[in-house]
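Shown next, in structure tokens, is the structure this report addresses.
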Amino acid sequence: MPPADSPMGLLQALALALGQLGDPRLRRPLAISLALTIGAFGLVWAGLGWALTHTHFFENTWLDIGAGALGGLALAGLSFVLFPSVVAAFLGLFLEEVADAVEQRHYPGLPPPFRRGTLAEIAGSLGLIVLSLALNLLVLPLYLVPGLNLAVFLATNGFLLAREYVTMSAARRLDSPDMRLLWRERRGQAWLAGAAFAALSAVPLVNLAAPVVAVATTTHLVEAWRRTAANRLSGQGT
């Protein structure tokens, strides 16, 4: 890969990730995370749909129908902006499989990574969903502004995805102090990568593969950043 500080670093990491999409080891986590996401959204839509059709907000029938329609539109819009983070949260349960496949193919000399426990993975996934819901509700009025809404979507979800993927990938190779240091040093580049992942997630059909591409890309980026930091430290020590 080009140097981690190079703009080409992200582009080449993306290219390497896309080039590995045919790897059978990536299909299982992608299929399971998508199934869980669709199932979760299906339950939410069914529950809120039932609530909207059985709740009367106004005595006037037409006003009630209008309120139900607006509620349905709001639910569809919120589902769209939350989709990247929800898929990322579920894929976080299977991140090890994707990252292992990338490392075995491109970095075979690496030692075994640190492993997170199942409870830690579930807690991290739930935390991402809650944070995503809170942040997207906070900026919800800005989504109604034409032209600004796309920038807000990319910035908000780019931050969420960068935080999730970089944190999870870095935790495989670094202890907590080094992981926090890497995030502080690379958060701008990480945010740019997260915005690219959010953009991919907004494209129909492409968004089905976007989560795996994001994990694979972040694995490449974190490894490049980690090696750059190690080389810097070794240079200072000589």
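No lab work stands behind these numbers, since they all come straight from the coordinates. This one's a predicted model, so the numbers in the text were calculated from it and none came from an experiment. In this analysis, Cβ positions are derived from the backbone assuming ideal geometry, glycine residues included, and neighbour counts consider all displayed protein chains.
Can you list which of the trypsin sites (Lys or Arg not before Pro) found in region 152-197 are DSSP loop residues with at most 10 other C-beta atoms within 10 Å?
Hits after loop and neighbour filter: nothing returned.
Taking chymotrypsin sites (Phe, Trp or Tyr not before Pro) across region 95-188, the ones in a DSSP loop with at most 12 further Cβ atoms lying within 10 angstrom of their Cβ are Phe114.
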